[in-house]
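The values are calculated or read from the model by the stated rules, or taken from the named source; none is laboratory data. Quick caveat, the model's predicted, so the values are computed rather than measured. Ideal geometry is used to build each Cβ from the backbone, glycine not excepted, and the neighbour counts take in all protein chains shown. Remember, those area values only see protein heavy atoms, side chains included, never the ligands or the DNA or RNA. Shrake-Rupley method; radii C 1.70, N 1.55, O 1.52, S 1.80 Å.
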Amino acid sequence: MSQISAEDLGPALGRGLLSFPVTHFDDALAFDEAAYREHIGWLAQYDVAGLFAAGGTGEGFSLTTAEIDQVVRAAVAETEGRVPVIAPATAGTAVAVEQVRNAEAAGAQGILLLPPYLTEAGPDGLVEHVAAVCAATSLGVIFYSRANARIDDVTVARMAERCPNLVGFKDGVGNIETMTRIYARMGDRLTYIGGLPTAETFALPYIEMGVTTYSSAIFNFAPEFALEFYQAVRAHDRDEVYRRLRTFVLPYLDIRDRRPGYAVSIIKAGLTAVGRPSSRVRPPLTDLAADEVAELTELVKSIA
């Protein structure tokens, strides 16, 4: 795959399912490149539209900038152009700018701009933050609206006007009115991506608001199930979507919701459940308890 232009990146991602691969660590919780590359190679065999390296499920928040660069380079090398690799930009503006420059040099196909670390900021500051990041790269940039970076339709329009290579909006908030306003104002100027935890839960109503894709963490350990679920969503097959929600997704959420941070930890436990163990999570996250892993394993068997 040749480098995707910023203009083409959004439509390319919007045509299929996306996912956040987990990041593998060794026993000392250092990046385990060999294990990570094996996992990326396995995922890239499936019909997925893009992989977000070192994203939320990939524990990007716990990685240093140097480690993020290692992870992105490993993903790019392993996919060999078969699947677009989207790199993260995190923290404050200066760090985010450094990360997007690293990502472009590493051969990433695009950028997911996560909320700046810790600090609260108003719309004017977020517009300047996005403008600085977009100016630092020729890659297409996707803004992730969640936590301390929640924005409205007016702010999205300001960002898009300033930044031609802002190509996507990923929603991690779940406000129906805000999403409706953004799509009504922006239309096809942006590609819209579902980004709420366990996005399958929200996929069917979101597609009615122009959100044609979402990032599936479940794809990490159950790629066939995740792709079949996505196909049912795109076909507006309400009965099939709700059947899969009842039989797997909702019981899975019951485990996920037991502790903060389990949205990430349960994915690594899911890999253990299918015989593809990854590693522990880094603090401050905590791993599932042994009985919870056993419970998840039985649940995963029901969709095998």
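Annotations for the structure displayed:
- Accessible surface of region 130-180, 1.4 Å probe, proportion on carbon and sulfur as whole %: 49
- Residue-averaged [θ]222 nm for the chain, counting only DSSP H segments that reach four residues, each worth -39500 (n - 2.57): -13500 deg cm²/dmol
- Just so you know, the Cα atoms of region 59-168 work out to an Rg and Dmax of 13.4, 40 Å.
- Taking every DSSP beta bridge that has both ends in the chain, the antiparallel portion is near 5%.
- When Rg and the Kirkwood radius Rh are both evaluated on Cα atoms of region 163-244, their ratio Rg/Rh stands at 0.99.
- Computed over protein heavy atoms with a 1.4 Å probe, the accessible surface of the chain works out to 41 Å² per residue.
- With 5 Å bins from 0: P(r) over region 108-209, alpha-carbon pairs, percent: 2, 13, 26, 26, 20, 10, 3, 0
- Modelled spin-label separation between T119 and D152, with each label point placed 7 Å from Cα along the Cα-to-Cβ direction: 2.4 nm.
- Taking θ as phi - 60° and the Karplus parameters 6.51, -1.76 and 1.60, the scalar couplings of region 7-19 work out to 5, 8, 4, x, x, 4, 5, x, 8, x, 6, 10, 8 Hz in sequence order, x denoting glycine and proline.
- For the chain, the fraction of C-alpha pairs more than 32 angstrom apart is 20%.
- Accessible surface for L227 stands near 20 Å², nearest 10, in the context of the full protein assembly shown (1.4 Å probe).
- Value of relative contact order over region 156-304, rounded to a whole percent, pairs C-alpha under 8 Å and six or more apart: 16
- Database remark: amide H of I193 closer than 5 angstrom to the amide H of F169, K170, D171 (H placed geometrically; neighbours at sequence offset of 5 or more, or on other chains; Pro and chain starts carry no H).
- Taking all protein chains together and rolling a 1.4 Å probe, D69 ends up with roughly 40 Å² accessible.
- When only Cα pairs below 8 angstrom with a gap of at least 6 residues are kept, region 57-185 shows a relative contact order of 20 percent.
- Accessible area per residue was computed with a 1.4 Å probe on protein heavy atoms; I303 scores about 50 Å².
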